[in-house]
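To start, the structure under review is shown below, and the notes come after it.
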Amino acid sequence: MRKILVIEDEVEMCRNLATILRLEKFHPLAAENGRVGIELAKRERPDLILCDVMMPELDGYGVIAALRADPETLSIPFIFLTAKGEKPDIRAGMNLGADDYLTKPVAKADLLAAVRSRLERASQQAIPKFEPNFDSAKPLEKELGLTPRVAETLLWLAQGKTNPEIATILGNSESTVKKHVLEIFAKLGVETRTAASLRALEVLSSPAARR
């Protein structure tokens with residue numbers, strides 16, 4: 001579950017944002033001011049930060065400056081939330097390294113679109129370059145502890161094949177393939193086909209698998 005840190009001094013606003021995120025299957029973390037937000041960001045390493053600009057003690061500009069100066073929090077996607085929508089404020093935030101800027105009150109659809117867009121972009125940037133060898137599923141059996149048929153399913157899943165396509169290739173029923181996919185998720189501790197594929201690509205790109 002993706003962790004989203006909400007740094008907002010208005011209690012009702014913070015609660016509303018957290019509720020929206022929770023209903024969309026995110027894990028919200030709340031900070032009532034900038035200093036607490038920085039501490040939480042460094043301790044929890046959230047996947048994304050939503051931060052108000054105007055706050056007591058330390059404003060949003062101070063928060064992002066501190067986080068961008070720390071290598072451990074440098075790359076966390078950061079979205080400003082503010083009641084002020086003037087262009088100079090937007091420029092100031094972007095110049096400090098903000099990824100997006102939303103004016104309060106923020107519509108639910110706009111908030112979620114911005115969050116998902118930034119998370120997706122961060123995931124794409126984090127995906128390493130692989131040179132997999134798809135000749136055999138044996139490395140997947142050995143490294144991931146999968147049975148031969150389940151490993152073969154993962155081999156084709158990692159090549160972008162759908163369940164019906166994998167069923168045709170392996171001569172299985174779609175229900176069997178679905179069962180194998182669920183077994184892969186459980187074995188690897190992942191929740192999506194993308195995550196499973198990335199793990200397979202790591203294994204298939206190892207020197208031993210490319211021999």
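Worth a mention:
- Separation of the alpha carbons by more than 26 angstrom is noted, of 3/138; 42/187; 25/187; 25/142, for 3/138; 42/187; 25/142.
- Answer label for percent of Cα pairs over 32 Å apart (calculated), chosen among [x] 10; [y] 36; [z] 17: [y]
- The GluC sites (Glu not before Pro) of the stretch 143-211 that meet both conditions, a loop assignment by DSSP and at most 13 other Cβ atoms within 10 Å of the site Cβ, are 191.
- Student exercise, the chain dipole from Lys, Arg, Asp, Glu Cβ charges, in Debye to nearest 20: 760 debye
- Value of relative contact order over the chain, rounded to a whole percent, pairs C-alpha under 8 Å and six or more apart: 14 percent
- Leading residue at positive end of dipole, the chain (Cβ point charges), from 111, 14, 122: 122
- Distance (nanometres) between label positions extended 7 Å along Cα→Cβ at residue 24 and residue 3: 1.9 nm
Only the coordinates and a few stated rules stand behind these numbers; no lab work does. Bear in mind that the values here come from a model prediction, so they are computed numbers and not experimental data. All Cβ positions, glycine included, derive from the backbone under ideal geometry; neighbour counts span all protein chains shown.
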